[in-house]
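Nothing in this text is a laboratory measurement; each read-out follows from the coordinates by a stated rule. What you see is a predicted model; the values in this text were computed from it and never measured. Neighbour counts are summed over all protein chains in view; Cβ atoms, including those assigned to glycine, are modelled from backbone coordinates with ideal geometry.
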Amino acid sequence: MFTRRPVTVVILAMALLAGCSPGAAGPTPLPPAASATAAATEEPSPTDASTEQPSPSEDPSEDPSEEPERTDEPSEEPEPSPSEVATQAPTPEPSPTAAAVSEQCQAANLTGLKNAGRLTLSTDNPAYPPWWGGDPDTQYPGEPEGGSGWELSDPYSGEGYEAAVAYAVAEAMGFTQETVDWVQNVQFELAFAPGEKPFDFHLAQISIRPRRAEAVDFTETYLDANQAILALTPNPIVGTTSIEALKDFRLGAAVGTTSFELIESVIAPNTEPSVFNNNSDALQALQNDQIDGLVVDANTAIFMRDAQLEDFDTPDPEATVVGQFADSDQVDQVGLVLELDSPLTECVNEALGVIKANGTLDAIYDEWISAGQEIPFFE
């Protein structure tokens with residue numbers, strides 16, 4: 001292949017000589033496509049080799065009568081470098097939404113979707129940081145015109161740990177942000193209650209439990225979470241270090257949660273624990289001094305402390321994360337929820353496996369979940 005390049009240079013030289021008259025002021029500049037740089041860096045195609053070279057008279061650009069006068073000033077437009085010539089036609093990059101799963105699990109081939117060609121996802125409303133983010137008043141890609149009724153956060157934003165996980169799973173299956181729809185779940189436990197579901201999959205920090213798995217399908221875990229206790233700083237519960245000492249305090253949690261299960265089965269307080277419809281109501285009860293401590297997962301406790309209860313105009317923090325429970329007490333393995341025996345479960349699991357294997361899930365965790373928090377463990 002390299003033996004043909006000298007021939008190209010000879011032909012070019014002959015063309016130069018043929019195009020110059022004895023009285024010409026200077027050589028006619030070569031067209032860029034026939035420059036020596038291009039000849040040295042581009043291998044001629046078989047078609048180029050077999051095509052007869054045009055004579056100088058046939059190429060208007062080599063007509064001596066139209067040749068510009070030669071000057072000693074350098075041209076303002078330098079010849080393209082070899083790298084520029086070689087990259088004039090870059091290879092298109094693959095689409096960022098190309099499916100990363102097996103053929104049968106790609107968006108175009110999925111069966112059992114609630115809406116053909118679209119992925120219908122769900123979470124609770126309101127949706128709390130750091131799991132969810134965005135502004136409910138902002139119009140995001142794929143969101144219905146005029147908004148969609150979300151409070152506090154907006155899943156269409158893709159912001160927050162669970163929103164980012166949801167869109168990463170969707171992308172691995174070949175869905176774009178514009179082909180993802182969100183529906184609201186108004187009561188936490190409805191997501192894993194028996195019966196038909198309005199979503200393809202749901203996520204709201206729902207722990208995998210055998211009893212729940214009798215009514216719905218769970219994927220593999222996408223998060224392991226520890227439970228913690230949040231309290232207002234002046235409350236005597238602050239400073240408690242043992243589970244035994246927690247028995248004397250008024251505790252509460254949202255209904256149907258593993259947080260409430262932990263109160264009953266691990267702490268077993270002397271006072272009947274309080275149960276609330278959701279974390280918003282439970283947090284309000286904490287502020288109203290109806291309970292001494294609120295049990296939630298550790299990352300939610302950190303968010304409530306730093307974003308919802310903190311008054312930055314005061315010298316002392318308004319709330320304290322009293323402590324967290326060790327894995328041996330209770331660790332929550334959190335999974336995506338699908339309708340029982342859903343034909344999508346295997347494919348969603350495959351997509352989840354892809355984002356675990358390629359490091360996407362770890363990157364999402366590092367971006368959205370609090371790290372370096374020194375929360376003591378209860379003894």
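What does a probe at Asn358 reach in region 106-121, counting residues whose amide N is under 14 Å from the point 7 Å along Cα→Cβ? Only 106-107 fall inside the zone, counting backbone N under 14 Å.
Distance between the pseudo-spin-label points of Ser280 and Glu310 (7 Å out from Cα toward the beta carbon): 2.3 nm. Spin-label model, Asp366 to Leu190: label points 7 Å out along the Cα-to-beta-carbon direction sit 3.9 nm apart.
Normalised by the number of residues in region 99-379, the mean separation of alpha-carbon contacts (under 8 Å, six or more apart) gives a relative contact order of 25 percent. Distance between the modelled labels on Glu272 and Phe377, one decimal in nanometres: 3.4 nm (7 Å Cα→Cβ projection). Judged by the ratio a/c of the largest to the smallest principal axis of the C-alpha gyration tensor, region 99-379 counts as prolate, that ratio being 1.5 or greater while a/b is larger than b/c.
Cα centroid separation, region 256-331 to region 169-228: 23 Å.
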